[in-house]
Amino acid sequence: MRRKIRKLTIAGHTIAKNEQVDLMLDVSQQYTGSPIQLPIRVIRSAKAGPTVLITAAVHGDEFTGVGIIHELMHSDVLKILKGTLILVPVVNVFGFENQERYMPDRRDLNRCFPGTENGSLSARFANIIFSQLIMQADYCIDLHSAAQPRTNYPNVRGDFRDPEVRRLCRAFGCELMLDSKGPDGSLRREATKSGCPTMILEAGEPCKLEPSIHEVGLRGVKNVLTMLDMLPGEVVKPPYQSLIKQGIWVRASIGGILRFHVSPGEIVEEGQPIATNANVFGQEQSVLVSPVEGIILGMTTLPAIKPGEPVCHVAIPTKSMTQIRKILKASSRTGLYHRVRKDMASSISKRDIATSDNEASWAPAAQEPED
């Protein structure tokens, strides 16, 4: 924990210990000059402790985190034993109004941190978020979903070189953990550099509220707060955890309409069919296969595809795949892991594979674009 905050002031309001308040922070203005405001809930315990910031919808069309924070607001998790919680259900209020990922000046807010006071609209907005919230927090959890038109199997990401970020990611309790600093200007990268260890959750689809994904997020936040001694009880562990240091995007070689053979979270073998590419008359053109043994981390939800467009992201765990298979086979079929997989598969039109000649096109996934 980087600092002890004795006085917490946000939006001109000083929040006392043992107080819960809903605030509106002025972040910009409309064309009419009327204020544009950011909704914030702050919960302070009577006892001193860490300040944890939880943010959602940095990309305005990513509703996953909004739903998770709503679950938090209506659960007993807000009865913290010590410290402070700062909840921001919608960061990019501009994009949220229009179900749009970007800011009105067409910039990606998650490439604009820490921002500047006298820069562009996005830079000024990022600067307010950074100075008013991130610089007052000891830890941050940033909640995301995939970019359009994709879905992500729940995974956490952070710079594992930072021991506190590593601790947050492991405690959150997702099976898959990606070790990466994040893009330049991203909230998690710049916040961690500033002394506020930050991790992100990537889960589900944009413009959707998915119940089992919310359950993953709620459990994860509770786990982190439990690890920080802000909540009683024990951290709930997943069936297994593995670091992901490498992934491969399988891409279409020709245009067509896809028929998927896998779904998010599924374990695939090298050479296993991922999707059949058919022409507009429904005739099979090619079959995309997995170039490696791994786990389906993310995939497109749009069946129509052009050459070079991404179809599926296959993650390669550092943990033995044989061991993962064995653990999952022994795990409860009613557990959260299996429920999430079942729910996510319902949004993918999955079909059995016919015998045909296979072809594949792939490239290393050096950077996840949706972060």
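The values are calculated or read from the model by the stated rules, or taken from the named source; none is laboratory data. If you're wondering where the values come from, they're calculated on a predicted model, not measured in any experiment. All Cβ positions, glycine included, derive from the backbone under ideal geometry; neighbour counts span all protein chains shown.
Quick grid of which residues meet (1) charged (D, E, K, R); (2) buried (at least 24 other Cβ atoms within 10 Å of the Cβ):
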| position | (1), (2) |
| --- | --- |
| Leu87 | no, no |
| Glu100 | yes, no |
| Pro114 | no, no |
| Gly158 | no, yes |
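I'd like the full set of residues that are of a type in the set (Lys, Arg) and under 25 Å from Arg219 (Cα atoms), limited to region 75-111.
Once the filter is applied, which keeps residues that are of a type in the set (Lys, Arg) and under 25 Å from Arg219 (Cα atoms), region 75-111 yields Lys79, Lys82.
Is at least one residue of region 312-330 in a loop (DSSP other than H, G, I, E, B) and either of a type in the set (Asp, Glu) or at pLDDT below 90 (or both)?
Checked against the condition, which is being in a loop (DSSP other than H, G, I, E, B) and either of a type in the set (Asp, Glu) or at pLDDT below 90 (or both), region 312-330 yields no hits at all.
Looking at Glu309, Glu284, can you tell me which residue is in contact with a Ser or Thr (Cβ under 6 Å, 6 or more places away or on another chain) and farther than 13 Å from Val262 by Cβ?
Sole residue among the options that is in contact with a Ser or Thr (Cβ under 6 Å, 6 or more places away or on another chain) and farther than 13 Å from Val262 by Cβ: Glu284.
Restricting attention to region 36-57, does a residue exist that is within 26 Å of Thr116 (Cα to Cα), in a loop (DSSP other than H, G, I, E, B) and modelled with pLDDT of 95 or more?
Yes, some residue in region 36-57 is within 26 Å of Thr116 (Cα to Cα), in a loop (DSSP other than H, G, I, E, B) and modelled with pLDDT of 95 or more.
Among the residues of region 62-112, which ones are among the hydroxyl-bearing types (Ser, Thr, Tyr) and not in a helix (DSSP H, G or I)?
Ser75, Thr84, Tyr102
Considering only residues of region 50-71 that are at negative phi and among the small types (Gly, Ala, Ser), which is surrounded by the most Cβ atoms within 10 Å (Cβ to Cβ)?
Selected residue: Gly65.
Identify, by number, the condition in (1) within 16 Å of Asp343 (Cα to Cα); (2) modelled with pLDDT under 95; (3) not polar (S, T, N, Q) that Gly265 doesn't meet.
Looking at each condition in turn, Gly265 falls short on (2).
Determine which single condition Ser122 fails, assuming it passes every other condition in (1) assigned to a strand (DSSP E or B); (2) free of Cβ contacts under 8 Å to residues at least 24 places away in the same chain.
(1)
How many residues does region 206-258 contain that are assigned to a loop (DSSP other than H, G, I, E, B), in contact with a Ser or Thr (Cβ under 6 Å, 6 or more places away or on another chain) and in the same structural domain as Gly294 (by TED's automatic domain parsing)?
Residues in region 206-258 being assigned to a loop (DSSP other than H, G, I, E, B), in contact with a Ser or Thr (Cβ under 6 Å, 6 or more places away or on another chain) and in the same structural domain as Gly294 (by TED's automatic domain parsing): 1 in total.
Which residues, counting only those in region 184-218, are within 30 Å of Lys342 (Cβ to Cβ) and of a type outside the set (A, V, I, L, M, F, W, C)?
Arg188, Glu202, Gly204, Glu205, Pro206, Lys208, Glu210, Pro211, Ser212, His214, Glu215, Gly217
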